[in-house]
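Read the structure below first, then the notes.
Only the coordinates and a few stated rules stand behind these numbers; no lab work does. All of these numbers come straight from a predicted model, not from anything done at the bench. So basically every Cβ, Gly included, is an ideal-geometry build from the backbone, and we count neighbours across all protein chains shown.
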Amino acid sequence: MKKQFAVIGLGRFGSSITKALSREGFEVLAIDVNEEKVNQFASIATHAVVADATEENTLKSLGIRNFDHVVVAIGDNIQSSILTTLMLVEQGVNHITVKAQNDYHEKVLLKIGAHKVVHPERDMGIRIAHNIVSKNVLDYLELSDEYSIVELVAGMKVDGRSLIDLDLRAIYECNVMAIKRGEEVNVSPAPKDILYDGDIIIVIGADEDITRMEEELF
Ligand code: ATP
Ligand code: ATP
Ligand code: CA
């Protein structure tokens, strides 16, 4: 059986999640207090209902605990977001993901039992900052406070050089996970594989090592 999702709050974030899940073929229940927003999802989500998620009985009557994963995407109203999350926890929902506005909000959400807290604006800000600071960084994924995965464009400094020649693992403690050249993707690069100007390489490593490597080679 396909997983069943519920998304509470159809602002920009909740809308985007609802659309993406629906496009992937999952069943999605879309919930918002705002009737206009709910109407926009009538033909996109499996079900779209007008409801106030802070009302315990409303959540119960929607059978919210039967959903595999509930996403709380109530943005600006932190109080509603916390109250809704608390009730989802109390009703025993298996996976609860909540969008946080700030670090305090995140702390409270985790304390009351949210399983995952996301900060889309903050994370996107970090990714975009990396992208505009260095023209060679295409994308950036933070793994932890210390480690990341980055997508870099190879330039003339590495053109025609093999991984063994560049010795990235020894010098920067960075590992090349994949090399993209046009449509071709090499997902297990060998030491003898050569980089060319314009290749896109995906590298995993510590932030400071990646930065050093970026400055010296990209
Ligand atoms: P985003 O920050 O995700 O880009 P946004 O800033 O438009 O979007 P908000 O307006 O803060 O987001 O809230 C998202 C949605 O949550 C709104 O559509 C709002 O109507 C809905 N919402 C707020 N409180 C509740 C509630 N108690 N129950 C259900 N939906 C709610
Ligand atoms: P080790 O793998 O432990 O570094 P090694 O010398 O046996 O030791 P090889 O796989 O033969 O490793 O590769 C030689 C060198 O080439 C590595 O030390 C590393 O610097 C570089 N290298 C090879 N593959 C990669 C990769 N995917 N990412 C980064 N560097 C690589
Ligand atoms: Ca917002």
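Which of V158, V89 comes first, and how do the rest follow, when ranked by fewest Cβ neighbours within 10 Å? Walk me through the numbers before you get to the answer.
Working: V158 21, V89 15.
So the ranking, lowest neighbour count to highest, is V89, V158.
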Kindly express, to the nearest 10 degrees and within the range 0 to 90, the angle between helix 103-112's C-alpha long axis and the longest C-alpha principal axis of the chain.
60
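Using a Förster distance of 30 angstrom, determine the FRET efficiency expected from the C-beta separation of S144 and N186, and round it to 0.05.
Working: r = 26 Å, r/R0 = 0.88.
For R0 = 30 Å, the calculated efficiency reads 0.70.
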Would you please name the GluC sites (Glu not before Pro) within the stretch 150-218 that are DSSP coil residues with at most 13 other C-beta atoms within 10 Å of their C-beta?
E183
Here the Kirkwood hydrodynamic radius of the chain, Cα-based and in Å, equals 19.8
If we count every other residue with Cβ under 11 angstrom of G14's Cβ, Lys/Arg +1 and Asp/Glu -1, where does the sum land?
+3
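Any of K135/K157; K37/K107; K157/K180; K135/K180; K37/K99; K3/K116 with alpha carbons more than 21 Å apart? Name them for me. Walk me through the numbers before you get to the answer.
Working: K135/K157 15 Å; K37/K107 29 Å; K157/K180 17 Å; K135/K180 17 Å; K37/K99 18 Å; K3/K116 18 Å.
Violating the 21 Å limit, Cα to Cα: K37/K107.
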Given a Förster distance of 45 angstrom, what is the FRET efficiency for V89 paired with N131, based on the Cβ-Cβ distance and rounded to 0.05?
0.80
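Nearest 5 is fine: what % of DSSP beta bridges in the chain come out antiparallel, could you say?
On the way: 22 of 41 bridges.
Roughly 55 percent of the beta bridges in the chain run antiparallel, per DSSP.
Which of the GluC sites (Glu not before Pro) found in the stretch 1-83 are in a DSSP loop and have at most 12 neighbouring Cβ atoms, other than their own, within 10 Å? Mind showing how you got there, number by number?
Details: sites: E24, E27, E35, E36, E55, E56; in loops: E24, E55.
Answer by residue number: E24.
Please list, by residue number, every one of the trypsin sites (Lys or Arg not before Pro) in the stretch 157-218 that is coil in DSSP and has at most 16 other beta-carbon atoms within 10 Å. Display every interim value, and only then the final one.
Details: sites: K157, R161, R169, K180, R181, K192, R212; in loops: K157, K192.
Here the sparse-neighbourhood loop sites are K157, K192.
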What spacing in nm lies between the two simple spin-label points modelled at R65 and S162, each 7 Å away from Cα in the Cβ direction?
6.2
With r as the distance between the Cβ atoms of M124 and E56 and R0 = 30 Å, compute the FRET efficiency 1/(1 + (r/R0)^6) and round to 0.05.
0.35
